[in-house]
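Notes to accompany the following structure.
The values are calculated or read from the model by the stated rules, or taken from the named source; none is laboratory data. Predicted model only: the values in this text are computed from it and were never measured. Backbone-built Cβ (ideal geometry, glycine too); neighbour counts: all protein chains shown.
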There are 2 protein chains.
Amino acid sequence: MNVHTLGYHYVVEASGCDPEVLKDVGALKRILLKAAKVGEMDVRSTYFYRFSPHGVSGMVVVSGSHISIHTWPEHGYAAIDVYTCDVSSKPERAVEHILKEIKASYAHVTEIERGVMDEDGTYTHVILSWDEEPLESGEDRAAKAQH
Amino acid sequence: MNVHTLGYHYVVEASGCDPEVLKDVGALKRILLKAAKVGEMDVRSTYFYRFSPHGVSGMVVVSGSHISIHTWPEHGYAAIDVYTCDVSSKPERAVEHILKEIKASYAHVTEIERGVMDEDGTYTHVILSWDEEPLESGEDRAAKAQH
């Protein structure tokens, strides 16, 4: 982490997720808590609730930042944020864990480097976006290549 | 809001803020709750705490989304997120309220349109960034113009 950067924030749109997982409050809570653990983040507080008709919002407040998920099971879609201000955390591992557990087939990811000091002393952020196909493991690709 | 857009998320880096406000847990809680109100968002839960040495993290969970702030009083800096999935909300008003109350002199803002359906049926997001000088009111500009 750059000495002038105060945090890393991953903004993720996950598609093709398992609707059963996306509507399961208990499962999502376990997934986000485990994500905080694999991302080496200290959990301070959690809040999960179901919103109408069957989506779920989940927040895990970690030291100096947060992990959140908002789900639309009817679209197989989840909006995920993993934001950390702790230089020793591994937010990218938390993102990977969540995508795997909700069985996302595709993810659009934007990494926002937050609190980056500009030349004039004000703070800005730096943005980098990419696409992922989390479920396409090496074996999947090998299987596809044979067809 | 586009029919294929599932949320709007404002990611804000605020500079030149009042350090006394940034270290005041009670003031920040009042500011974020009022921001939810002016942004026409229904509050579900709040969580605020001071982190070492004197920054504050605050989360307000609103219906289907959230408002958060993480502050570094020693840098006059705050990282703000206002995210709403409710089409009737006014997240930009919430952002303006927070910037005014923490007395930010400068803000770098990125609006992320979330859950935007792509041509292939997957979800992506659309990003737009700009800079603001929230404290520079019309009177300030008039006063400057005279010098």
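Which condition breaks for residue B:59 when tested against (1) within 9 Å of chain A (Cβ to nearest Cβ); (2) out of contact with any Pro (no Cβ under 9 Å at 6 or more places or on another chain); (3) of a type outside the set (Asp, Glu); (4) farther than 20 Å from residue A:42 by Cα? Looking at each condition in turn, residue B:59 falls short on (4).
Against the numbered list (1) facing chain A (nearest Cβ under 10 Å); (2) more than 30 Å from residue A:53 (Cα to Cα), residue B:73 comes up short only at (1).
Inside the stretch B:2-14, can you point out the residues that are hydroxyl-bearing (Ser, Thr, Tyr) and out of contact with any helix residue (DSSP H, G or I) (no Cβ under 8 Å at 6 or more places or on another chain)? Passing the criteria: only B:5.
When residue B:116 is tested against (1) within 16 Å of the chain's Cα centre (by Cα); (2) at pLDDT 90 or above; (3) surrounded by 14 or more Cβ atoms within 10 Å (Cβ to Cβ), just one condition goes unmet, and that condition is (1). Of everything in the stretch A:43-58 that's free of Cβ contacts under 8 Å to residues at least 24 places away in the same chain and not polar (S, T, N, Q), which residue is surrounded by the fewest Cβ atoms within 10 Å (Cβ to Cβ)? Result: A:53. Just one residue in the set A:16, A:64, A:39, A:55 is within 14 Å of residue A:94 (Cα to Cα) and touching a strand residue (DSSP E or B) at 6+ places or on another chain (Cβ under 8 Å); that residue is A:39. Does residue A:86 count as of a type in the set (D, E, K, R) and surrounded by 22 or more Cβ atoms within 10 Å (Cβ to Cβ)? When the stated conditions are applied, residue A:86 does not pass them. So, of the residues in the stretch A:13-23 that are at negative phi and at the interface with chain B (Cβ under 9 Å from one of its Cβ atoms), which turns out to be surrounded by the most Cβ atoms within 10 Å (Cβ to Cβ)? Per the criteria, the residue is A:14.
Note on the stretch A:68-93: residues that are small (Gly, Ala, Ser) and within 9 Å of the chain's Cα centre (by Cα) total 2.
Within the stretch B:97-110, take every residue that is more than 12 Å from chain A (Cβ to nearest Cβ) and closer than 24 Å to residue A:126 by Cβ and give me the one that is surrounded by the fewest Cβ atoms within 10 Å (Cβ to Cβ). Ranking the candidates gives B:99 first. The sole residue among A:139, A:92, A:74 that is in contact with a His (Cβ under 9 Å, 6 or more places away or on another chain) and either modelled with pLDDT of 95 or more or assigned to a helix (DSSP H, G or I) (or both) is A:74. Just one of the listed residues (A:86, A:81) is in a loop (DSSP other than H, G, I, E, B), out of contact with any Asp or Glu (no Cβ under 6 Å at 6 or more places or on another chain) and among the charged types (D, E, K, R), namely A:86. Could you say whether any residue in the stretch B:59-75 is buried (at least 22 other Cβ atoms within 10 Å of the Cβ), farther than 17 Å from residue B:10 by Cα and of a type outside the set (Val, Ile, Thr)? Yes, there is a match, as at least one residue in the stretch B:59-75 is buried (at least 22 other Cβ atoms within 10 Å of the Cβ), farther than 17 Å from residue B:10 by Cα and of a type outside the set (Val, Ile, Thr).
Among the residues making up the stretch A:24-50, a single one is part of a loop (DSSP other than H, G, I, E, B), of a type in the set (D, E, K, R) and within 14 Å of another protein chain (Cβ to nearest Cβ): A:42.
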